[in-house]
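Engineer: Here it is, the structure, as structure tokens.
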Amino acid sequence: MIYCPKCGTANRQGSKFCNECGAPLPATGLRCPMCGAMNPAGNLYCDRCSARLIPAERVPPEEEKPERPSPPKGISLPSVPLGEEEWLSELRAEALDLAPEEEAPGWPGELEAPGEPPTPEAAIPEWLAELEETVPEAPPPAEKPTPPLAGIPVPPSGEIPEWLRDVEFAPPIQEEPSAQPPPVAEVDVHAGMPSASTTVPPILIEGEEEILSTAPAEIPDWLKEAPAEAPPEYGGLVPAEIPEWLRPLQPREGVAVEEEPTETEGFLSGLRGLLPIGKGLDMPATAQPLLPRAPRPAAVARAELLQGLLSRPLITPPTAEIREAPRQSGWVLTRFLVGVILLAAILLPMLVRLPLFGPPTAPTAEALFATVNHLPGNTPVLIAWEYGPAESDEMDRVAGPLIEHLLRREARLIVVSTRMEGPAAAEALLASRLVDPSERSRRIANLGYLPGQAAGVREALGNLGGRTEAMTGLPASQLDIMADVHSIADVGMVVILAAQPDDLKTWLEQISVANPNVPVVAGVSARIELISTPYLAAGQLRGMVAGLTGGAVYERQLDTGWGREYEYYLTSIGMAQLAIAALTVIGALIFLVGGRKR
Amino acid sequence: MDRLVKRILPTSIAVGTGLLVLLGYLLPVPPLASVRDELIRWAVIIAAFAFILGFFNLLRVHSGRARKPGGIYSVILILTAMTSLVLTLAALLIPSLRFLGDWWFRYVLSPLQATVAGLIAFVLAVAAFRLLRHRREAGVLVFLVAALVVLLGTLPLPAPAGNWLANLRTWWMNVPAMAGMRGLLIGVGLGVLLVGLRVLTGSDRPYSD
Amino acid sequence: MTADLIGLIAGTLLTLLVLSYILGDNPLYRLALHLLVGATVGYGVAVTTVTVLQTVLPALQSDSPDRVRALIPLVLGILLLFKGFPRWSAWGNFSTALLVGVGAAVAMGGALVGTIIPQTAAVGSLNVWLREGSAGLINGLIVMIGTIGALLAFAFAVPRQPALRRLWNGSVGVLGQIGRLFLLAALGAAFGTALTASLTVLVGRVYAVVTGIQQLLTLIGMSSG
């Protein structure tokens, strides 16, 4: 784990930036340029893809730890871990017994084959006989060179490939890069011809020496035929004649042959002509991002548009203060005028009695009155008290008559609220509408606040008996009023007193799920009268009193003596609404005639 | 481990509990219904802690702002919050101190909340005056007409204009306005369903980092 | 000075502080807002804390099955508080996940059974329309067209094929435009009713200020007299 230096959060190994605060994290390892995996700092090769992490020339030879020498990518080589076979080391040892200073000629020279196959009657060539004599005299070198063909899978004994049988001699491989490229083993055109010598060629497998040391096999005809003239000697060897088909492949003399670099590392060290190790292998380059294909014309157009916009000179808009000044004064004047008109409209009825307005009408309130009027006595009624001090000026005048009507019908009121101020607002109104305060414990149970919105409502509807009375702190199950009430299934009616649309919706929805058969009525603020109408039309609400108008109608039906207060309120509201309606029309005419402001 | 704590476990909890509650709604058999009710009970308690967390966060934010220019308001907010907390706790836990909570509720909380709510009328009045200031099209005119019908129809104006306006208002609220509102309600309900499905399938993960 | 008198003065002053917004945004109004937020939040936390204590404490003091049932949400609730610390906020993910999962399921159930099904059924309920005779039938048709139009007003995807697109624009598009008018009719009505509701509250506040000033003047007059 890497700990962020700024906030201390633990981050996953390999992260570049902190997950918590976004600060850059210190690098604590080597990132592989090929696969992107993070490796410990001491690694030379990637643990995941075996690519080289540190370029070769940057690493001193003594620092290299060839723990797992892996083949360079791109070269098809056997993946089997290679080790030196015993037979090969023996062959190598024998090859080193030859004179190391004898320079083997280039392989083309060795490929000269006679123009015609020799006759079988020809004797063993002189060069071969000479070879016999020189082989045992060569001293072994001080160093043991790398076996030339170490690593090449060796066929089991007895299954010598044909090409291998033809190979008789493999000169030793030089270690120094500047040394002459070692000759490839001579291709012997005398297929199947064994060597008369008892010396086992280095590349021949063990076991074959016995075969080769036996009496020579039948010499082909073409070999028997003696050459017209003695060919030149190269270090004791006489080049064979190059067959006709091979002549075009012969490199032209005089053309400088480029010396191919010699491999110096790994098991291929000493060999020439291999694939050159390019930069991509020796020094892994950083991954180049793949270029996307050509962008679509629409994208090009958008890019050009953006570039055009960005390259435009910055145009400073007119000074904000200059433009703001007339707007501010107009805005302040408008607000002041509207405020004055509004306050005047509200205060005027307090000073002057204005018989402008008639009695209010609210059909839905009258229907609700009839519904409550038929409620049996002692019915437990669940009241969802979903308003607080912010709406109490209106909602107290909507809920007041309804609550008083329920109390007159001897209903038991069980109050809950998902609003934090709801229980306290309920207590304030209940105290004002309850005629005999001593009756409180027998008539009202305030079960307090329900956290969690819809989940709280759902929980309360299923477990009313498990709650606690807010005023006394007693468990609801211990209250007389809650004796037979445990859940919504036990109540006779639900009254939702709501000022916000979400509260009404939540209660209606959860009641529909919990117990769709219980009658639900609502006392709502004028604000949510419209949202209640679909529920009323669909039958989910059996009755509704909305706004101060509805409260006034209900109050008139009940005749509680609070009517005067409603009259003052309604008159002020009526005047204010008239004023606002007039302002709306005047404003519409001004802006219609005067033109639209941009 | 990090991924397990931050993503896999929370997603499993959300999807698992949600599916259990939903199944409890669809198949109200006793074992499932009791699991559903228990999970809802837990959610209610955790929701209460969420509000407490919000309170601490508010204090932290404003204590940071208190040191900056104009931070006097933040200091006042913090002091008022602590005062309100102490007084209300005392009133709820100690019956003899209930009058403190009542006083605070009646003379501080109620006037502030009610007056801010009443200011909405002033803002709406200004907005009504400037209704056609920026856009003049058929839709805005329909909006204007609807507002005027409702405003004037609510007033118990004398007959015959008052009766006609009241009837027009009743028709408007029960037919065209209700149609639009019903469409909105169904649309909102479909939206709630869709969001809930996204949460229950793990597509939306508002709870994980 | 009694508590009620102090309260009356405080309440009147606070009301006037908020009403100063009519003159524009000013330091007095900002002071009042910060007082409001502080008082509301402090009150809310107190009520919430007491509610949690009333729910959890009895269960913790009872027998072992109820105790375990009370401990789990308590622990989850405490874990939720870790959300306030960036280093350990991941531990609050479990509680948030449970809240979100349960809340989504409860909301889904309520929306489907409580709103979508009954409201959709009510759109085409012919017997309700016919209750009011031919006028009811016409009104019912208008409500049906308006409801479907209001829903289609939010359909923004169109088919790619030109022929299908023309058909779509001619049918769904036109109905959507009609629905948009119904939506505006509803929003205008909501504007009017919201204005009525807030006017009621404003009237109550103005009355309270006037009454309070009257009472204070009376008291001052009485004390001086």
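The values are calculated or read from the model by the stated rules, or taken from the named source; none is laboratory data. These numbers come from a predicted model, not from an experiment. Positions of Cβ are backbone-derived with ideal geometry, glycine not excepted, and every protein chain shown enters the neighbour counts. Accessible surface is based on the protein model in full, side chains and every heavy atom, while ligands, DNA and RNA are left aside. Shrake-Rupley method; radii C 1.70, N 1.55, O 1.52, S 1.80 Å.
Engineer: Quick check on packing: order B:28-41, C:107-120 by the mean number of other C-beta atoms within 10 Å, highest mean leading.
Structural biologist: Details: B:28-41: 16.1, C:107-120: 21.5.
Highest mean packing first, the order is C:107-120, B:28-41.
Engineer: Tally Lys/Arg at +1 and Asp/Glu at -1 over every other residue whose Cβ is under 11 Å from the Cβ of A:Asp480; what's the total?
Structural biologist: Residues near A:Asp480 contribute +2 overall.
Engineer: Can you work out ³J(HN,Hα) from phi for every residue in segment C:173-181, in order, using Karplus 6.51 cos²θ - 1.76 cosθ + 1.60 and θ = phi - 60°, giving whole Hz and x for Gly and Pro?
Structural biologist: Values, residue by residue: x, 5, 4, x, 5, 5, x, 4, 5 Hz.
Engineer: Over both sides of the A-C contact, add up the buried accessible area with a 1.4 Å probe and give it to the nearest 100 Å². Don't skip to the answer; put the middle values down first.
Structural biologist: On the way: alone 36600 and 16970 Å², together 49810 Å².
Approximately 3800 Å², summed over both chains.
Engineer: Give the interface area between chains C and B as buried accessible surface, both sides summed, probe 1.4 Å, in Å² to the nearest 100.
Structural biologist: Summed over both sides, the interface buries about 9100 Å².
Engineer: Pairing the Cα long axis of helix C:27-60 with the longest principal axis of chain C, what angle in degrees results, from 0 to 90 and rounded to the nearest 10?
Structural biologist: That helix lies at roughly 90 degrees to the long axis.
Engineer: Any idea which of A:Pro389, A:Ala428, A:Asn373 is furthest toward the positive side of the dipole for segment A:363-560, if Lys and Arg beta-carbons carry +1 and Asp and Glu beta-carbons -1?
Structural biologist: Going by the Cα projections, it comes out as A:Asn373.
Engineer: Continuing with this model, one more query. Quickly estimate the mean residue ellipticity at 222 nm for chain C, helices only: each DSSP H run with n ≥ 4 gives -39500 (n - 2.57), and the total goes over all residues, rounded to 500.
Structural biologist: Helices in chain C give a 222 nm mean residue ellipticity of -27000 deg cm²/dmol.
Engineer: Moving to a separate point now. Please work out the FRET efficiency for the pair B:Ser203 and A:His486, using the Cβ-Cβ distance as r and a Förster radius of 25 Å; give the result to the nearest 0.05.
Structural biologist: Working: r = 39 Å, r/R0 = 1.55.
It comes to 0.05.
Engineer: If the label point is 7 Å along Cα→Cβ of C:Ser171, which residues in segment C:109-150 have backbone nitrogen under 18 Å from it?
Structural biologist: C:145-150
Engineer: State which stretch of chain C is the longest one without any exposed trypsin sites (Lys or Arg not before Pro), exposure meaning a DSSP loop state and at most 12 other Cβ atoms within 10 Å.
Structural biologist: Counting at most 12 other Cβ atoms within 10 Å as exposed, the longest clean stretch of chain C is C:1-130.
Engineer: Right, here's the next one. Work out the mean other chain Cβ neighbour count within 10 Å for the residues of B:71-82 and drop it here as an integer. Spell out each step's value before the answer.
Structural biologist: Details: counts 0, 4, 8, 2, 1, 6, 10, 3, 4, 9, 11, 2.
Mean shielding by partner chains, rounded to a whole number: 5.
Engineer: Express the carbon and sulfur contribution to the solvent-accessible surface of segment A:363-560 as a percent, rounded to the nearest whole number, probe 1.4 angstrom.
Structural biologist: 49
Engineer: Another question, then. Which whole number gives the average count of other chain Cβ atoms within 10 Å of the Cβ atoms across peptide A:261-273?
Structural biologist: Numbers: counts 0, 0, 0, 0, 0, 0, 0, 0, 0, 0, 0, 0, 0.
That average works out to 0.
Engineer: Loop only per DSSP, at most 14 neighbouring Cβ atoms within 10 Å: give me the GluC sites (Glu not before Pro) in segment A:370-463, ordered by residue number.
Structural biologist: Sites meeting the loop and neighbour criteria: A:Glu410.
Engineer: Still on this structure, please answer the following. Provide the packing ranking of A:367-378, B:62-73, C:46-57, i.e. peptides ordered by the mean count of other C-beta atoms within 10 Å per residue, highest first. Don't jump to the answer; show the numbers that get you there.
Structural biologist: Values: A:367-378: 14.6, B:62-73: 13.0, C:46-57: 20.3.
In descending order of packing, they fall as C:46-57, A:367-378, B:62-73.
Engineer: Residue-wise, which Karplus ³J(HN,Hα) couplings in Hz belong to segment A:472-487, taking 6.51 cos²θ - 1.76 cosθ + 1.60, θ = phi - 60°, and x for glycine or proline?
Structural biologist: Karplus values, whole Hz, x for Gly and Pro: 9, x, 7, x, 4, 5, 8, 8, 4, 5, 9, 4, 10, 10, 10, 8.
Engineer: 5 Å is the cut-off here: which amide hydrogens, built 1.01 Å from N in the peptide plane, fall below it relative to A:Val545, excluding neighbours closer than 5 in sequence?
Structural biologist: A:Ala522, A:Gly523, A:Val524
Engineer: Return one whole number: the accessible area per residue of segment C:127-225 in Å², for a 1.4 Å probe.
Structural biologist: I get 54 Å² per residue for segment C:127-225.
Engineer: Within a 10 angstrom radius of each residue's Cβ in C:120-133, how many Cβ atoms of other chains show up on average? Whole number is fine.
Structural biologist: Per residue, the average neighbour count from other chains is 2.
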